[in-house]
Amino acid sequence: MLQIYCGNGKGKTSAAVGAAVRASGAGMRVYFVQFLKNGSSSEISVLDSLENITVRTCRCCDKFTFLMNEEELAALTCELEDMLDDALRTASSGGADMLILDEFLDAYEKGFVDRQKADTLTKVARNCEVILTGRKPPESFASAADYISEITAVKHPYQKGITARKGIEY
């Protein structure tokens, strides 16, 4: 099945982490891939410590994409393509019962992954639980999804000028 956690609110990654923990507790093998995040978020150390969960993060993503130069964006695109290839290979070979692609929808929307290849995720979801997170799912994923949960920001500390806090927002 295909699940999507989307919207402009806080909690998409937290929902995906919760799904990973639940699946691991049930003995499922989880492949958790973070697109556009370098592994510095606090949940990564916990996921790494859990049995049955394999984590991969984006080494090239040490700043926001709008701050990257052309060379950095090219390196990022190469790494994200490799991450997608690896995720598809892992899920297609039966190496994971659950595939979580965190921030994937944003990488897709920004053109950092081959869209034709990415669209094969809907086929992978027939044999493996696939969870995608990001702000806005394209119609191709939305129409194929079995679950869509939209997280809306009603109020956020950013509105008061409060920046991200370790252990809360990352």
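Quick rundown of the values:
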{"item": "Test for N38: is it under 16 Å from the mean Cα position of the chain (by Cα) and surrounded by fewer than 15 Cβ atoms within 10 Å (Cβ to Cβ)", "result": "yes"}
{"item": "Total residues in the stretch 142-168, condition part of a loop (DSSP other than H, G, I, E, B) and out of contact with any Phe, Trp or Tyr (no Cβ under 9 Å at 6 or more places or on another chain)", "result": "14"}
{"item": "Residue in the stretch 124-141 that is most open to solvent (accessible area, probe 1.4 Å), counting only those that are part of a helix (DSSP H, G or I) and not aromatic (F, W, Y)", "result": "E139"}
{"item": "Identity of the residue in the stretch 87-112, under 26 Å from G25 (Cβ atoms) and free of Cβ contacts under 8 Å to residues at least 40 places away in the same chain, that ends up least open to solvent (accessible area, probe 1.4 Å)", "result": "L88"}
{"item": "Residue that is nearest to C58 (Cα to Cα), among those in the stretch 113-123 that are in a helix (DSSP H, G or I) and open to solvent by less than 10 Å² (accessible area, probe 1.4 Å)", "result": "A118"}
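Yes or no, residue by residue, for (1) under 20 Å from A19 (Cβ atoms); (2) in contact with a Cys (Cβ under 9 Å, 6 or more places away or on another chain):
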{"residue": "F66", "(1), (2)": "no, no"}
{"residue": "A75", "(1), (2)": "no, yes"}
{"residue": "L88", "(1), (2)": "yes, no"}
{"residue": "G111", "(1), (2)": "no, no"}
{"residue": "E129", "(1), (2)": "yes, no"}
{"residue": "P137", "(1), (2)": "yes, yes"}
{"residue": "D146", "(1), (2)": "yes, no"}
{"residue": "A153", "(1), (2)": "no, no"}
{"residue": "K160", "(1), (2)": "no, no"}
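The values are calculated or read from the model by the stated rules, or taken from the named source; none is laboratory data. Keep in mind that what you see is a predicted model, and the values were worked out from it rather than measured. We place every Cβ from the backbone using ideal geometry, glycine too, and count neighbours over all the protein chains shown. The area values use the complete protein model at the heavy-atom level, side chains included, leaving out ligands, DNA and RNA. Shrake-Rupley method; radii C 1.70, N 1.55, O 1.52, S 1.80 Å.
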